[in-house]
Structures are given as C-alpha cells and as structure tokens.
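To keep things clear, I will list the structure first and then write my remarks on it.
The values are calculated or read from the model by the stated rules, or taken from the named source; none is laboratory data. No experiment lies behind these values; they were computed from the predicted model shown. Cβ placement follows ideal geometry from the backbone for every residue including glycine, while neighbour counts extend to all protein chains displayed. Side chains included, ligands, DNA and RNA excluded: accessible areas come from the protein's heavy atoms. Shrake-Rupley method; radii C 1.70, N 1.55, O 1.52, S 1.80 Å.
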Amino acid sequence: MIRSVLALALLVATAPLAAQASAADSGKQPFTVERSWQIQRIGNPTISPDGSRIVAPVTRFVMAEDKGYTDLWMWNADGSGERAFTTHVGNEGSPAFSPDGRFIAFTAQREDDKAPQLYVMAVDGGEARRLTTLATGVQSPKWFADGSRIAFVSRVFDGLALSEQGKRLEERAASKMTARVWDGAPVTAWDQYLDEREFHVFAVATAGGEPQALTQPTGLELPRAAVQGTDSLFAISPDGRELAFVADSDPKPNVTNNDVFTVAIGARDATNHTEPNKAGDSNPLYSPDGRYLSFVQQRIKGFYADKGRLMLKDRRSGSISEQFTAWDRSADGLVWGNDSRRLWGAIDDAGTVRVYELPIGGTPRAVTGEPSVGGLALAKNGTLVGLRQTFVEPPTLVSVNTRNGATTKLSTINDELLANTDFGTYESVTYTGANGKEIQMWVNYPPGFDKSKQYPFFMLIHGGPHNAITNGMSFRWNAQVFGSWGYVTAWPNFHGSSGFGQDFTDSINPNWADKPYEDVIKAAEWFKAQPWIDDTRMVAGGGSYGGYLTTVILGREHPFRALVAHAKVYNLYTQYAADFAVEMPRFGGFWEPENREMMEKISPHYHAGNFKTPTLVVHGQLDYRVPVNHGQELYQTLLMQGVPTRYVYFPNENHWILKPQNSVFWYQQVQQWFEAHNAAKAD
C-alpha cells in the first residue's frame, strides 16, 4: 500500500492512555513530543570579563510555522534576573563580550542581509550596529584582546574580491547549467554538496571598514568539511599579533591531515607545529598570559574517536609536551584558567559530561558529579558558568563552584513548563556484557512507575558507534517521551562507546558488530529477568550506527517483536558514498582480500535471508553521512521477503529529523508501529 500523509493531519494526536492516567493523577501534563518542542533551548553562554553578566542564545519554536526563533538573552550572574537582550524577528547567535565588557558581538541576518552578518550592540541597550555586508556571511566571531577588531570566518571563493563574492553566487544560482565537478574531496558534508569555496579567517575593525584576510595569504584554508561550525578551528593570541588555526597540510586529494598552524597577523608564512603527527590536531587555544598554545591531538589515523590528548606548546622555548599521559579520557570543551596554569574541560566521562580541572603538570580532577555540565565560559574574576542537563532537565544555565562542584541555577525560562510536566525517573545501572565486561546503562522509567506492575520495554541503541549516551536531554529519541507511552527504556553504553577509556572505545574495530550485538542482547536478558518488564513486549531501535546495529540484530537471534531502523548503514559497500569516505580506511579497502571475510560477517545486507522481524525504516533525503539508498535498500529487501515493514521518507531532512512538524510525525510513526506490532497480548 502506498500512503501519502500530511504531517499536520496527525499533529492533534492525543497523549497515550498510560500517560494521560499518570498525568491526571499528578495534575501535570504528560511529556509528549509536542510538549518537548515547547521547551526553550539555551545555547552555549558567554560571560562578561567582570563576571557580572551572561549572554546566551535562546531558541523557541512555533509549531504552526514549523520554525524556531533565536534571540539573545542576558542573565545577571548573581541570579537576580534574566531578560531578552535582542527581540528582532531575525535570528541571532554566537554572542561574544568585548574585552572591556561594554559590547556584545553577534551574528544575525536582518532586513536586507543576504547572509548572517556581524553586529555589535552595547550591553546597556540601543541599536545594533552592523560591521559587515558579506554575501558569503559571517560565523564564529572572536574579539582581539584590545577590543579594536573582531576576527570571524567566512566561506569564500578564493582569489575573488569580497565585493565580487555576491555576484558569483548570483550567477551560480541563475545559471541553467547546473553541473558540478570535483577533482578531489570532500564532495559532500552532512547535508550539502560542497563547491570550491573555502573557510577563511578575516578581521574587521570595530569602527567598520573592509575586512582583512588573515588565512588566505598563507595558501591554507580551514577544513572544508567544517559546515557544522568553525569555532574550535582558530584562536587569536592575547597580544593580537598571532593567529593559530587548523588546516589540512596534505595536498593529496584523497588524504586529510589537519594540523595546527600559526601565522603573524598580516603575514604570509605560516608555521606547522604538528607536522610529525599524521592524525588529526585541533582546537588551538592561547593561555591568557600568552606563554602557551594548547591544542588537542589524536595519534591513530583514520580513527575519529582516538583519545584526544591535551598538548602544550611553550611559546618561549618552542617545546611541545603531552599533558596527563596516564589519564584515559579525551580533552574536550576546554577553556583556559585565568592564571594560565590550568584549563577547565567538559569531559565525556563514563556516561556523564563532567567539568574537570586540568592543572598543568598535575592530575585531572573531576569537579561536577552526576548531572552533565558543558558549554563552559570563564570570567576574569573566576566565575565559571555552563549548561547543566539530565534526562529530565533541559540545558539550564548554571554557575559552577570550582572547589566542590556545586551548581547554582540561573535560568528560569522553562521553570513553569517543567513544573507542570509529568516526567518519569531514571538511573544508571551496570550489567555484564561481552567478554565479561561491565557495561554502564541508563534506564528511564515512565511516570508513576510501579514495580508491582509490568511494562513494555524499548531498547534504545545509540549512534557513533564511538559516542556515548550521557545524562542529558536529547530532543531526538527522547527516552522520557517514550516513557509517556508507558515504556521502560534503556540506553546501554556498549563496547565501542566513548568515555570509558581508549581500549573500550577501540575494542570493536574493525568488527563493528559482534561485541555491541552481544552487549545489547545481554542488556535485553537483564531486563527480561526483571519482574516489572513484560518480556513478551520488547522492541528495539536506533539511528545511524544505532540503525546499523538494529539491522545487524534483524539478521541474528534476538527477543524483540518490532524494530526501528533510522538512518541506518545497511550495506557497507554502498556506504563508500558517505561524506567521510574520501580516503583509505584505517583497516584498508573492501577490495583487499583480507577484508572480504569481515565485510561478509558484519555488513547487514549479507544476512537478509534471516530477516523476519517487523521493521520500521526511516531515512532523510539530505543525509549524506549515511546516504538515503541504505533506507530504500533495506525497505525493499523486507518487502521482497514479505516481512512487515514501512518506509518513512523525509525529503527535506538530513541525518537527523530536525523540523518540528517532521519530528512530531516521526514519533507518531514509531508509536503507531509499536501499537501495531507490540500490543499487549490478549489473555
């Protein structure tokens, strides 16, 4: 049967009966997907130098318009108040305080702007002043320490004057000839085909004027595939004389080697500080006193989840040293301490993102505990702020006591909504997985959970594979939304997950399938042994790698009555069309004889003869991380075999379902699939 469905037709669906009953008992509203879209989402904050004020972007969504509106909000660091700092109909983002604390720089697309531009606005209010008029737009603004200039990134046609960029874009848009040609990589990145434009760093005076090119004279460019953001790819030295940036140093079209370079402002000759390392180097940061340049280094080429080592270049002596060699975690979310003797980081650590103190020459110290805290910003007076979140708390602005890890809530914009929402509970448990290894797992319980009753179970399988589910509120695959349907859910951090040490993360390479599969099955067995689980009503699903592992499970023995495979890798051969598949894989190409046995073992399509479980297949047309052919191949294979299936296709979504109405429809389709294939059996 072919179905053509309008998303709006189902947006008025009522809450599940279990959620309605619990909500009625509590006087609160169930946490449905529609309610999740009412949460205002706070982005990463910036703090004034004196520590008195904090600014962050806040996005609210209007379901009927299927869009979000982002304004900048301001908080007093003592918790005495919050207010909207901008209210323009155009979206604002990337706020940054000036060094003297008097102004905020930000990006926005207003009135006749053809792309986001750089604006500056006084902290005490008034009209925003536009500093740029670039057809190619502006992102990642950063102040020079003397406040005279602001650095930013724009994606430009190299060798073409900034004033001519708009004309080139218009000519491309108007041309009836639409072919594109590549002689190297990358071709795609996430949800777009790339042209020859390059990411470059510029600087513009705060008084206005023509931007100055900083990286173009070097002949190097920021990584061309960095379409999701460039904030971590460059830094300005405290004296304003030097730029540090990340660029690919290998000219070969099928090899990438991102290194950390520096160049004197206005000069042409850049210095490569990481040339001996053939794996990735990233995230350059200058210490406040200018003595050190820190960066993060990986050592295993072709392994994106290799441990990120904190490296320190002494700019006086020229020496480079690795810090914390015995620490089995990756350095991430870093900000320098004011004394230039330590950094603070937001570290993926055993299922939680924790604030760590990283003292130079010392030992890393975990500062915060169970709630995840990230998005750190540090004032000159030592005030540290960030975003705290859990499975039942969306990102919330807090200050962090760096001595004892206590957090103090500053934002209240979601308080009323949350106070009237019927959330369930959650906990971290461990069980024995593959090879007798202890596996950490997050369990979410529905509202009003009662151990004397039995509940259906939904096994959630995370993506990556080298990511982890940390204690935080995801607006996709939200365990508490599934809980409003009456389900107990679990997120096991199976073998290959990050945050549990290098050996654990790398333990599934190159065999992506066996250990994670065994971990998931053993997790299911753990739940089957619980008296409060109805072991006849177990389902599973995941997206990306989670969709891959779901499809592996589809071809093997398992206890699940129905599956959901979203943005799944189904055929490891056709995955060579993925955006990242542009250089030789770590373990060699599929055509090499020694790899054939492994491919036949772990590529799900080889095991299609075993498929028999009803499977909901979901994919977005704009997904170039896992191209859409995977969804259609799996769906049509299931159809051929007579296995119950449905294909939900989103022509305007990428690897994730990000539009409000599409998101609601996604959840509705999953719920309907489970109602059809995981209903309670009649007595």
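Give me a count of the residues in the range 649-683 that are open to solvent by less than 40 Å² (accessible area, probe 1.4 Å) and either in contact with a His (Cβ under 8 Å, 6 or more places away or on another chain) or under 20 Å from Thr59 (Cβ atoms) (or both).
Within the range 649-683, residues that are open to solvent by less than 40 Å² (accessible area, probe 1.4 Å) and either in contact with a His (Cβ under 8 Å, 6 or more places away or on another chain) or under 20 Å from Thr59 (Cβ atoms) (or both) number 12.
Considering only residues that are among the hydroxyl-bearing types (Ser, Thr, Tyr) and touching a Leu at 6+ places or on another chain (Cβ under 6 Å), which ones fall in the range 481-531?
Residue satisfying the conditions is Thr489 alone.
Taking only pairs six or more apart or across chains, which ones have beta-carbon atoms under 8 Å, a first residue in the range 158-171 that is open to solvent by 50 Å² or more (accessible area, probe 1.4 Å), and a second residue that is assigned to a helix (DSSP H, G or I)?
Asp158/Gln216
Restricting to the range 594-638, and then to whatever is under 29 Å from Asp191 (Cα atoms), in contact (Cβ under 8 Å) with a residue 40 or more places away in the chain and among the hydrophobic types (A, V, I, L, M, F, W, C), can you tell me which residue is most open to solvent (accessible area, probe 1.4 Å)?
Leu622
Could you check the range 156-205 and list, in sequence order, the residues that are part of a helix (DSSP H, G or I) and either under 26 Å from the mean Cα position of the chain (by Cα) or basic (Lys, Arg) (or both)?
Scanning the range 156-205 gives Lys167, Arg168, Arg172.
How many residues are buried (at least 22 other Cβ atoms within 10 Å of the Cβ) and β-branched (Val, Ile, Thr) if we restrict to the range 525-546?
1
Given the conditions (1) in a loop (DSSP other than H, G, I, E, B); (2) of a type outside the set (A, V, I, L, M, F, W, C); (3) open to solvent by 10 Å² or more (accessible area, probe 1.4 Å), report the number of the one that Asn471 does not fulfil.
(3)
From the residues in the range 369-389 that are of a type in the set (Val, Ile, Thr) and open to solvent by less than 20 Å² (accessible area, probe 1.4 Å), which one is farthest from Val55 (Cα to Cα)?
Val373
Which condition does Pro284 not pass, out of (1) more than 29 Å from the chain's Cα centre (by Cα); (2) surrounded by 15 or more Cβ atoms within 10 Å (Cβ to Cβ); (3) not acidic (Asp, Glu), if it passes all the others?
Here Pro284 clears every test but (1).
Determine which single condition Ala577 fails, assuming it passes every other condition in (1) open to solvent by less than 20 Å² (accessible area, probe 1.4 Å); (2) among the small types (Gly, Ala, Ser); (3) touching a Pro at 6+ places or on another chain (Cβ under 6 Å).
Result: Ala577 fails condition (1) only.
Of everything in the range 577-594, what is part of a helix (DSSP H, G or I) and at pLDDT below 95? Give them in sequence order.
Once the filter is applied, which keeps residues that are part of a helix (DSSP H, G or I) and at pLDDT below 95, the range 577-594 yields Pro593, Glu594.
List the number of the failed condition for Phe199; all other conditions in (1) surrounded by fewer than 20 Cβ atoms within 10 Å (Cβ to Cβ); (2) touching a helix residue (DSSP H, G or I) at 6+ places or on another chain (Cβ under 8 Å) hold.
(1)
Looking only at residues in the range 344-368 that are closer than 17 Å to Gln323 by Cβ and among the small types (Gly, Ala, Ser), which one is most open to solvent (accessible area, probe 1.4 Å)?
Gly361
From Ala565, Ala490, which residue is crowded, with 20+ Cβ neighbours inside 10 Å, touching a strand residue (DSSP E or B) at 6+ places or on another chain (Cβ under 6 Å), under 22 Å from Arg625 (Cβ atoms) and touching a residue at least 40 places away in the same chain (Cβ under 8 Å)?
After applying the criteria, what remains is Ala565.
Looking for something at pLDDT 95 or above, more than 23 Å from the chain's Cα centre (by Cα) and aliphatic (A, V, I, L, M) - is there at least one such residue anywhere in the range 469-492?
yes
When the range 81-104 is examined, which residues are found to be of a type in the set (S, T, N, Q), under 11 Å from Pro57 (Cβ atoms) and in contact with an Asp or Glu (Cβ under 7 Å, 6 or more places away or on another chain)?
Thr86, the sole residue that qualifies.
Filter the range 290-322 for residues that are hydroxyl-bearing (Ser, Thr, Tyr) and either assigned to a loop (DSSP other than H, G, I, E, B) or within 19 Å of Phe234 (Cβ to Cβ) (or both) and give the result.
Passing the criteria: Tyr292, Ser294, Tyr304, Ser317, Ser319.
Could you please let me know if Asn277 is of a type outside the set (Asp, Glu), assigned to a loop (DSSP other than H, G, I, E, B) and open to solvent by 50 Å² or more (accessible area, probe 1.4 Å)?
It is false that Asn277 is of a type outside the set (Asp, Glu), assigned to a loop (DSSP other than H, G, I, E, B) and open to solvent by 50 Å² or more (accessible area, probe 1.4 Å).
Give just the number: which of (1) modelled with pLDDT under 95; (2) under 27 Å from the mean Cα position of the chain (by Cα) does Glu111 not satisfy?
Answer for Glu111: the failing condition is (2).
List the strands (runs of 3 or more DSSP E) inside the range 26-139, counting only whole elements, that have at least 3 residues being open to solvent by less than 50 Å² (accessible area, probe 1.4 Å) and under 28 Å from Asn381 (Cα atoms).
Because the criterion is at least 3 residues that are open to solvent by less than 50 Å² (accessible area, probe 1.4 Å) and under 28 Å from Asn381 (Cα atoms), the strands (runs of 3 or more DSSP E) in the range 26-139 that meet it are 53-62, 67-76, 92-97, 103-108, 117-122.
Here are some residues: Gln228, Gln192, Gln212. Which one is more than 26 Å from Gly620 (Cα to Cα) and either open to solvent by 30 Å² or more (accessible area, probe 1.4 Å) or in contact with a strand residue (DSSP E or B) (Cβ under 7 Å, 6 or more places away or on another chain) (or both)?
Exactly one of Gln228, Gln192, Gln212 is more than 26 Å from Gly620 (Cα to Cα) and either open to solvent by 30 Å² or more (accessible area, probe 1.4 Å) or in contact with a strand residue (DSSP E or B) (Cβ under 7 Å, 6 or more places away or on another chain) (or both), namely Gln212.
Might you check whether a residue that is part of a loop (DSSP other than H, G, I, E, B), surrounded by fewer than 22 Cβ atoms within 10 Å (Cβ to Cβ) and without any contact (Cβ under 8 Å) to a residue 60 or more places away in the chain occurs anywhere in the range 508-517?
The answer is no; no qualifying residue exists.
When you go through (1) of a type outside the set (D, E, K, R); (2) within 28 Å of the chain's Cα centre (by Cα); (3) open to solvent by 60 Å² or more (accessible area, probe 1.4 Å) one by one for Phe590, which number turns out not to apply?
Phe590 satisfies all of (1) of a type outside the set (D, E, K, R); (2) within 28 Å of the chain's Cα centre (by Cα); (3) open to solvent by 60 Å² or more (accessible area, probe 1.4 Å) except (2).
What strands (runs of 3 or more DSSP E) completely inside the range 323-442 contain at least 2 residues that are in contact (Cβ under 8 Å) with a residue 60 or more places away in the chain, under 20 Å from the mean Cα position of the chain (by Cα) and under 20 Å from Glu82 (Cβ atoms)?
372-378, 384-390, 393-400
Residues in the range 254-262: is at least one among the β-branched types (Val, Ile, Thr), out of contact with any Pro (no Cβ under 9 Å at 6 or more places or on another chain) and modelled with pLDDT under 95?
yes
Among (1) out of contact with any Lys or Arg (no Cβ under 8 Å at 6 or more places or on another chain); (2) under 23 Å from Trp673 (Cα atoms), where does Asp503 come up short?
It is condition (2) that Asp503 fails.
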